[in-house]
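Here is the structure we will look at.
The values are calculated or read from the model by the stated rules, or taken from the named source; none is laboratory data. All values derive from a computational prediction rather than experimental measurement. Cβ atoms come from the backbone with ideal geometry, glycine included; neighbour counts cover every protein chain shown.
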């Protein structure tokens, strides 16, 4: 299947649009923000439903505690702030007040990864997926574009239990169908292939599709799978693909340790040993720069996915030989 860019939008706006729609359709949904209403695109919800919006201020730990308390009364709280402040700053509160007791809190995190750009390493959290997926009972979702982020926002309101929803600031290709159903824990096959399986998440999904075009010109058939839900991982989708290709590439805007590639490698080690290469940040903090500069410098683009695919295929052929 060929995917084309419908338009270009930031994924945080997809969250804002989804939250606003939930405000109109689900009276139990409430929103909390830590002084970043505009940045999280929560303005429309705040204006339309002021009695269901809570501006907590720069007090993220308090926001998580309040959200946990609101669930006791049957509310479905969506918290909003930057990914760094949504996880690293408040990990104790999430662990104790939300995950341990299985509270129905939706932790929605913008400005994740390197593509935060010029704000630099202190704001570019690259460890958040690992932090959140290690919490028992926590669902972790990382959509790829505006449409999928909006669909994910709507879907998590129907899911009972804590969720971490990760998205970003930069304008990126919006290419998934606006009416595509979002099923938590169900990967999406974007392209069939026989030589190598590329499992991508978030902003790297489009880069994987671009890489597949280059690989095709090189005579390599790449299977592209969008892993929008990192936990629970769609193990069947991964294993079925590897049964055909016998080698894998993971691609993500996150540390190599603790991310999507880590989860896939664990699965392969347990159920289907096969070579894997990981396109991710290699044990490093970020730095200031434009999103495009940083993604290239840290090897998170189509060109590096192509290199990883070629390398893992060489390893596969060496094993066969």
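In the stretch 194-202 there is at least one residue matching the filter, namely being touching a helix residue (DSSP H, G or I) at 6+ places or on another chain (Cβ under 7 Å) and under 26 Å from residue 41 (Cβ atoms). One residue stands out among those in the stretch 58-74 that are without any contact (Cβ under 8 Å) to a residue 40 or more places away in the chain and surrounded by fewer than 13 Cβ atoms within 10 Å (Cβ to Cβ): the one that is nearest to the chain's Cα centre (by Cα), which is 58. The set of residues in the stretch 205-249 being part of a strand (DSSP E or B) and either outside the structural domain of residue 271 (by TED's automatic domain parsing) or over 13 Å from the mean Cα position of the chain (by Cα) (or both) consists of 222, 223, 224, 225, 248, 249. Checking each residue in the stretch 24-40 for being free of Cβ contacts under 8 Å to residues at least 60 places away in the same chain, crowded, with 21+ Cβ neighbours inside 10 Å and within 25 Å of residue 170 (Cα to Cα) picks out 31, 32, 33, 34. Identify all residues within the stretch 218-240 that are in contact (Cβ under 8 Å) with a residue 40 or more places away in the chain, surrounded by 23 or more Cβ atoms within 10 Å (Cβ to Cβ) and closer than 17 Å to residue 196 by Cα; write none if there are none. Correct list: 222, 226, 227, 238. On inspection, residue 286 does not qualify as touching a strand residue (DSSP E or B) at 6+ places or on another chain (Cβ under 9 Å) and surrounded by 19 or more Cβ atoms within 10 Å (Cβ to Cβ). Residue count for the stretch 264-300 under the criterion of being within 15 Å of residue 133 (Cβ to Cβ), part of a helix (DSSP H, G or I) and either in the same structural domain as residue 132 (by TED's automatic domain parsing) or touching a helix residue (DSSP H, G or I) at 6+ places or on another chain (Cβ under 7 Å) (or both): the result is 2.
Give the residue that is surrounded by the fewest Cβ atoms within 10 Å (Cβ to Cβ), with candidates limited to residues of the stretch 118-147 that are touching a helix residue (DSSP H, G or I) at 6+ places or on another chain (Cβ under 7 Å) and farther than 22 Å from residue 258 by Cα. Top of the filtered list is 147. Taking the listed residues 136, 143, 177, the one that is free of Cβ contacts under 8 Å to residues at least 60 places away in the same chain, under 30 Å from residue 284 (Cβ atoms) and either in contact with a strand residue (DSSP E or B) (Cβ under 6 Å, 6 or more places away or on another chain) or not in a strand (DSSP E or B) (or both) is 136, with no other qualifying.
Criterion first (over 18 Å from the mean Cα position of the chain (by Cα), surrounded by 15 or more Cβ atoms within 10 Å (Cβ to Cβ) and in a loop (DSSP other than H, G, I, E, B)) does residue 309 satisfy it?
no
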